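Student: Below is one structure. I have some questions about it.
The values are calculated or read from the model by the stated rules, or taken from the named source; none is laboratory data. Since this is a predicted model, take the numbers as computed values, not measurements. Remember, those area values only see protein heavy atoms, side chains included, never the ligands or the DNA or RNA. Shrake-Rupley method; radii C 1.70, N 1.55, O 1.52, S 1.80 Å.
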Amino acid sequence: MGGEILDRQKSVEFLLSKGVLISPSVVEKINSGLISQLKPLLEKGESFVLDEAFLQGLSQAFNVEILRSYNEPSSNRDVEDFVAFFNSRFKQLSNLLIHRPEMSNKVSISRLVNKSDREAVSIIGLVSNIAFTKNNNIKLTLEDPTGSIGVIVTKRDTQLFRAASSLTLDEVIGVSGTNGKNILFASSITWPGIPLIDLKKSPLQESAIVLSDLHVGSKNFLEKEFKKFLSWINGRLGSEAQVKLANKVKYIFIVGDLVDGVGIYPGQYNELEIKDIYKQYEMCAELLSQIPQDKAIIICPGNHDALRLAEPQPPLSIELASPLYKLPNVIMVSNPARVNIGRTGGFEGFDVLLYHGYSFDYYVANIESIRNSGGYNNPELILKYLLQRRHLAPSHGSTLYVPTNIDPLVIEKIPDMFFTGHIHKSALFNHRNITLVSGSCWQSKTSFQEKVGHEPEPCRVPIIDLHTRKMRLLNFGG
Ligand code: ZN
Ligand code: FE
């Protein structure tokens, strides 16, 4: 990926300018995520040699390894880039479908013309259009790199019709059915889906918590409640059992929207307590500096953070958030990102997928099965919907993309845990042994949320015990 190479080059240059000696064997591993981990050392002006042994020591200090953090430049993209991007997405997702038994008759769309009438066939395609016939059957258009074809889902097959009613544009599915003249009559639809995975348990007595959507700088920021959380995490608040719980926390994830930002929606300016973005991050860092430094804080950005909206969003920049970079236990990653936590001798650790959740609004608004079952009040449905599609934002309209050679929003590897934010409503559950978390928030209801009918549920803190995989929710609200 061009962006990764550029990021590496810049990062290496930066380290060299600081007088760091770099062993050639580790050059491949250097990126902006690593720089953020090295920041405290660099600030102190300590001299060191960056080699394998040093890197190992660094990741063991917190047992956090950044598996994927993106830093793609967003400039100079044209139509060809988008074509390559969607071709890559198609390939990534069709690889997840092609070995399924339902796809045993699979042919390319262009080969359908060679098949006889009423022959049983399967295709894999990207949903490029969803329409209704005049008889109220669903007519999909499916595309693969060889061509496109119409697919009819008849309303007589009620189960299939209901499933097809939840389809979203640009997702990649498998369809089995019978061949017609320039049309396919569907008998089943296959999604990439999620298999049941092993429920891993750490040999260590550690736990992780998930925060998101602090919105520092907003008049609605719940400072008093957040300070209660800080007291607890320092072991100064709660029963003996609750203090024990706090001591076990080793990993603190913050899944975006650390600050409220400036100019995010019309009229926001009047709702800001701190109207300067730098000062917002300053205050945010001041609060997070009160978290004990033996706990790793892993941060990805959200749509209120002062960055481009197009995803993947790069890690918060040092220019913008320098007070955060000064904290020795902060690890910055992109949105989305994948990290591994808790790896220790003989135990491979947990893979965690982080995604702020900007695309969720689209699916709540457009997918009837989500909207009619609670919408924003039912984060479980949203997360399951996207996992089934193995994509964080399948529809083009649901977020802005930075087209890259590989679609970073495809969920290629199944994570042990999937942490999200954005909808300000906490949920914590196990789905096929994946721990799914929708983060709460630290902001009371804003006028904007009032208008769009959001019911936030602030000040909840989901805790995952990594030894038992038990989950619970603490409430620091009134
Ligand atoms: Zn938010
Ligand atoms: Fe958000």
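Student: What Kirkwood hydrodynamic radius do you get for the chain when you take the inverse of the mean 1/r over all pairs of distinct Cα atoms, in Å?
Tutor: One over the average 1/r among Cα pairs gives 23.8 Å for the chain.
Student: How large, in percent, is the carbon and sulfur part of the accessible surface of the chain at a probe radius of 1.4 Å?
Tutor: Numbers: 10250 of 20650 Å².
Ligands and nucleic acids excluded, carbon and sulfur give 50 percent.
Student: Let me ask something else. Using Cα pairs under 8 angstrom and six or more residues apart, how large is the relative contact order of the stretch 98-190, in percent? Show your work: numbers first, answer last.
Tutor: Details: 194 pairs, mean separation 28.2, N = 93.
30 percent.
Student: Using the heavy atoms of the protein chains alone and a 1.4 angstrom probe, what is the accessible area of the stretch 207-475 per residue in square angstrom?
Tutor: 35
Student: Please report how many Lys pairs in the stretch 74-179 have alpha carbons closer than 21 angstrom, counting only residues at least 8 apart along the chain or sitting on separate chains.
Tutor: 6
Student: Taking the Cα atoms only, what angle lies between the long axis of helix 52-62 and the longest principal axis of the chain, rounded to 10 degrees?
Tutor: 90
Student: With the Cα gyration tensor of the stretch 370-415 in hand, convert its eigenvalues to equivalent ellipsoid semi-axes via √(5λ) and list them largest first in whole Å. Working shown, then result.
Tutor: Numbers: eigenvalues 103, 36, 9 Å².
Taking √(5λ) for each eigenvalue gives 23, 13, 7 Å, largest first.
Student: If you roll a 1.4 Å probe over the heavy atoms of the protein chains, what accessible area per residue do you get for the stretch 2-62, in Å²?
Tutor: 56
Student: Mind jotting down the distance between the C-alpha centroids of the stretch 128-186 and the stretch 392-416, whole Å?
Tutor: So the two Cα centres are separated by 23 Å.
Student: Okay, moving on. To make sure I understand the rule: partners must be aspartates and glutamates, Cα under 20 Å from the Cα of residue 200, and not fewer than 8 residues away in the same chain. Which ones qualify?
Tutor: 65, 348, 351, 412, 416, 465
Student: In whole percent, what relative contact order does the chain give with Cα contacts below 8 Å and a gap of six or more residues?
Tutor: Dividing the mean separation by the residue count of the chain yields 18 percent.
Student: Related question: Going by alpha carbons, how many degrees (0 to 90, nearest 10) lie between the helix axis of 223-233 and the longest principal axis of the chain?
Tutor: The angle comes out at about 80 degrees.
Student: Rolling a 1.4 Å sphere over the protein heavy atoms, what is the accessible area per residue of the stretch 98-190, to the nearest Å²?
Tutor: Heavy-atom accessible area per residue stands at 53 Å².
Student: Given 244/384; 228/250; 39/228; 425/451, which pairs have Cα atoms separated by over 24 Å?
Tutor: 244/384; 39/228
Student: For the chain, find the longest principal axis of its Cα atoms and tell me its angle to the long axis of helix 32-43, 0 to 90°, nearest 10.
Tutor: Between helix and principal axis, roughly 0 degrees.
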